[in-house]
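Below is one structure, written out as structure tokens, with a few remarks after it.
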Amino acid sequence: MLKDAALSGYAFAAMQLGHLYSSGKFAVEQNAAQNAAQNAAIASEWYKIAAEGGLAEAQHALGMAYLEGRGVQKDAEIALAWLNKSAEGNHPPSQFQLAVMHCTGIGIATDLEQALVWYEAAAQQGHRFAQYNLAAMIANGHGCDAYPQKAYAWFKKAAEGGLIESQLALGDIYLPGAALLAIKMPRGIGMNRPPARAMKPRHGAWSSWVERGRSPSGISGTFENPPTAAFGPDLQEAPGGYAIA
């Protein structure tokens, strides 16, 4: 019934079929590797139908398939076109991915100012990885003038959303006289964790955020490493949260 609905022009049904094939729910071939490749190819066909039907989620899936060469010939230009359509449809994962591409120069010329635009678009919708990268770039003036207070606010949003990297970054901010680690631009799809740091038990805001960030969570994404900007003594702990004095 799902296939009939998809073939009759119901874009959502086509997208669901794409998800099912992409997740390996259907065994097309006996050989596991061949099955995965065939499923990816069929998934891309369904995603294309759904993407052409205007579904931003399907446009994102198809764009990522072209970007990574899953089920289709790898093509960064086609990937960019579909991701742009999805991002313009207000899809946060595509906005985030476009920001990464603008930062890394994958499929498009490096443009840090445009990366900031897409990071902020995704961050405003609660995308934690975008919030973190946006904070890291703003803190060090990558693509903009450095603005520590605004960077702090985005670090805090991502930390409150459970992002470990941001919780540790906030912990560093509250270390007396401490600056954060050197920023590095994203190197591609996947998480770039900062070097491990020895953590001693402390009281107050530092220990609160670090304790929340100690346990691995399996989160994956593309990160800037924490920035070097010193946030200074104007960041003060306040009842009910943290405020900038």
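The values are calculated or read from the model by the stated rules, or taken from the named source; none is laboratory data. Computed from a predicted model, the values in this text were never measured in an experiment. Glycine also receives a Cβ, built like all others from the backbone with ideal geometry; neighbour counts cover every protein chain displayed.
Tell me yes or no: at least one residue of segment 132-142 is in the same structural domain as Ala169 (by TED's automatic domain parsing) and not in a helix (DSSP H, G or I).
First, the residues of segment 132-142 that are in the same structural domain as Ala169 (by TED's automatic domain parsing): 132-142.
Among the residues that remain, those that are also not in a helix (DSSP H, G or I) are: 141-142.
Yes; the residues of segment 132-142 include at least one that is in the same structural domain as Ala169 (by TED's automatic domain parsing) and not in a helix (DSSP H, G or I).
Select from segment 85-107 the residues that are surrounded by fewer than 17 Cβ atoms within 10 Å (Cβ to Cβ) and in contact (Cβ under 8 Å) with a residue 12 or more places away in the chain and write down the one among them that is nearest to the chain's Cα centre (by Cα).
First pass over segment 85-107, keeping only residues surrounded by fewer than 17 Cβ atoms within 10 Å (Cβ to Cβ): 88-90, 105.
Add one more test, that the residue is in contact (Cβ under 8 Å) with a residue 12 or more places away in the chain, and what stays is 89-90.
Numbers: Gly89: 17, Asn90: 14 Å.
Only one residue fits best here, namely Asn90.
So for segment 23-39 (the condition being crowded, with 17+ Cβ neighbours inside 10 Å and among the small types (Gly, Ala, Ser)), does at least one residue qualify? Write out each step before concluding.
Initial filter on segment 23-39 (crowded, with 17+ Cβ neighbours inside 10 Å): 38-39.
Those still in the list that are among the small types (Gly, Ala, Ser) too: none.
Scanning segment 23-39 turns up no residue that is crowded, with 17+ Cβ neighbours inside 10 Å and among the small types (Gly, Ala, Ser).
Considering only segment 121-169, state which residues are crowded, with 24+ Cβ neighbours inside 10 Å, in contact (Cβ under 8 Å) with a residue 40 or more places away in the chain and of a type in the set (Phe, Trp, Tyr).
Phe129, Tyr132
Any residue at all in segment 15-29 that's more than 25 Å from Ile106 (Cα to Cα), of a type in the set (Phe, Trp, Tyr) and at pLDDT 90 or above?
yes
Of the residues Asn84, Asn90, which single one is closer than 23 Å to Arg128 by Cβ and not in a helix (DSSP H, G or I)? Explain how you work it out, then say what you get.
Numbers: Asn84 fails: not in a helix (DSSP H, G or I).
On inspection, the qualifying residue turns out to be Asn90.
Which condition breaks for Ala40 when tested against (1) touching a Lys or Arg at 6+ places or on another chain (Cβ under 7 Å); (2) assigned to a loop (DSSP other than H, G, I, E, B); (3) small (Gly, Ala, Ser)?
So Ala40 meets the others, but not (2).
Determine, yes or no, whether Gln97 is out of contact with any Ser or Thr (no Cβ under 6 Å at 6 or more places or on another chain), within 30 Å of Tyr10 (Cα to Cα), part of a helix (DSSP H, G or I) and among the polar types (S, T, N, Q). Quick ask: steps written out before the conclusion?
Values: out of contact with any Ser or Thr (no Cβ under 6 Å at 6 or more places or on another chain): yes; within 30 Å of Tyr10 (Cα to Cα): yes; part of a helix (DSSP H, G or I): yes; among the polar types (S, T, N, Q): yes.
For Gln97, the condition - out of contact with any Ser or Thr (no Cβ under 6 Å at 6 or more places or on another chain), within 30 Å of Tyr10 (Cα to Cα), part of a helix (DSSP H, G or I) and among the polar types (S, T, N, Q) - is met.
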